[in-house]
1. What is the magnitude of the charge dipole of the chain about its Cα centre, with +1 placed on the Cβ of each Lys and Arg, -1 on the Cβ of each Asp and Glu, and no other charges, expressed in debye to the nearest 20?
2. Helix by helix, which DSSP H runs in the chain go 27 Å or more along their axis at the Cα atoms and have an average Kyte-Doolittle hydropathy of -0.5 or more?
3. Between residue 122 and residue 484, take the C-beta separation as r, use R0 = 56 Å, and let me know the FRET efficiency to the nearest 0.05.
4. For the chain, what does the accessible surface come to per residue with a 1.4 Å probe? Please give it in Å².
5. Which lysines does residue 458 reach when only Cα atoms under 27 Å apart count, and residues fewer than 8 places away in its own chain are ignored?
6. Any idea how far the Cα center of region 196-248 sits from the one of region 299-359, in Å?
7. Assuming R0 = 41 Å, what is the FRET efficiency of residue 54 and residue 356, from their Cβ-Cβ distance, to the nearest 0.05?
8. So, in nm, how far is label residue 497 from label residue 394 when the simple model puts each one 7 Å beyond its Cα toward the Cβ?
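The values are calculated or read from the model by the stated rules, or taken from the named source; none is laboratory data. For clarity, every value in this text was computed on a predicted model and none was experimentally measured. Using ideal geometry, Cβ is built from the backbone for each residue, glycine included, and neighbour counts are taken over all protein chains shown. These accessible areas exclude ligands, DNA and RNA; they are computed on the full protein's heavy atoms, side chains included. Shrake-Rupley method; radii C 1.70, N 1.55, O 1.52, S 1.80 Å.
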Amino acid sequence: MEQNGRSSWGSNIGFLLAAIGSAVGLGNIWGFPHKMGKSGGFTFLIVYLFLAVFVGLIVMVSELAIGRKTKLSPIDAYKQVTKKFKWLGWAATIAPFLIMSFYTVLGGYVMQYMALNLAELSFGITAGGMDSFVAILVNPFGAVVFTILFIIICMVIVQGGVSGGIEKFNKIGMPALFVMLLVIIVRSLTLPYASEGLKFMFVPGYSVAKGYISEAPDIISVLGTAGGQMFFSLSLAMGAILTYGSYLSKEENLVKNSVIIVAADTLIALLAGFAVIPAAISYNLQNGVAPGDMMIGGPKLLFVTLQDVFANMGKIGPLFGVIFYALVLIAAISSAISLMETVGAHWIDKDLAKGEKDTRKKIISIVSLLILVEAVVVAWDGLGSNGIHPAALLGIQGSVPDVLADWLDFMDTWSEYLLMPLGAMCMALMIGWESGPDLVLDEVAHGDPSNAFKAFYKFCVKFIVPIVMAFVLAGSLKGACGGSAVMWYIICGVALVFFWVFAAVGNKKEVAE
Ligand code: PHE
């Protein structure tokens, strides 16, 4: 579908599935379960839900509104709505580009695991998780090949257009993912000791009492972890939701759509928890692994523990393995295409403004090639296994902070831990204190003339979102770079005050003129 040459969604449900597809990704299936486990289970869930309503929903509505109002991709959209925060558009284009550097590599790993399980299914061999993962990491060539394959799949879908490619993929992919997830959940919950996994997730304090995690994290770091996870999982402050919103028709209700996207994403994250945590814990307990030694966090959960889970199930195991990694692959593709679209949309819009139509294929090819260049570095690095990680190149020896330990963490730190929370904080300050919340609320009124949402939105966008984002920023920076928490709180507190004053000062004069 096209309006004045610019793409648009075929239907609201098509948009919803695409936005849910963007949101549901590796963050839900892998990040959520292990972060919930490591951050005290139930406490994490409560904090997460609070943040989703008071922060996630607000930013989601804001991005959709700015996208739809301007009908532009992030760089030009922000140019139009703000004088002081134009750089937000660039942040929201560079961040998804950086995320793609490792998202595609992880997508490639997932494809390798799918292939592995398919081979096991056909030839009856079983491969253990640790051996498989090490083999994959120290084989840069294989990693690069599968990364390229993953990029090509995304490229072909995005070249198909907004409704012809992205919407179509999600219309089939999302329901399929849901069904496959249910199959895995049934299997996971019927394994021995599954109830232990549920307790780990839902009984407050249980994971510490039983020794699954060594000490209970303090509430501030739970806030940081849950906030960062929520943002990444909802695809916020990365331009993706703004870009998808820019293809949405004026009649649609932005608040209702946002509620559906947030609810669906959270539901899938929880379901992924049911699919993954009980299975992982069950495997460990059956094999006598002590609680403190279980690999239920980080990349090892997805690529070591779960592969072991499937290998441990006997003949039928690889079948569940194929189903599981296929669903993770769909989730990864549906998110990656939103990132790719966000990066490409700027140049597609530019050409359109010059009267050049149909340049999507060419632009997406170039974007894919650029992504390939950065992704090859991350793939070759193999999580720091092959001697080209940042610390090695800089000649730093001894213990290094996460950000320099491997290229994946390096890219992740800049995008997910820095640009994303900083961008969200400044976006809220821009709306709340520079332009005023009516920038968003007037646009919301097109599809929803009721007033119920207004007061809630104004309060959250002016106060809650900026303050929470400053905490999230501090928490993520401490996690990625090390150093003392107090130092990061002071730095982020100063940044908050600086941008707050920057946003608010001088606006009265403009109105009076
Ligand atoms: N939301 C995706 C996930 O959970 C990742 C993503 C982030 C996608 C930002 C688009 C934009 O994995």
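1. 740
2. Working: long enough: 87-123 (54 Å, 1.12); 140-159 (28 Å, 2.58); 168-189 (32 Å, 1.54); 254-286 (48 Å, 1.52); 317-353 (53 Å, 1.26); 360-381 (31 Å, 1.46); 485-504 (28 Å, 2.30).
Counting only whole DSSP H runs, the qualifying helices are 87-123, 140-159, 168-189, 254-286, 317-353, 360-381, 485-504.
3. So the FRET efficiency works out to roughly 0.55.
4. Per-residue accessible area for the chain comes out at 38 Å².
5. Within the straight-line cut-off, residue 458 pairs with 69, 71, 79, 83, 84, 86, 250, 256, 508, 509.
6. 20
7. Rounded to the nearest 0.05, the efficiency is 0.45.
8. 2.9
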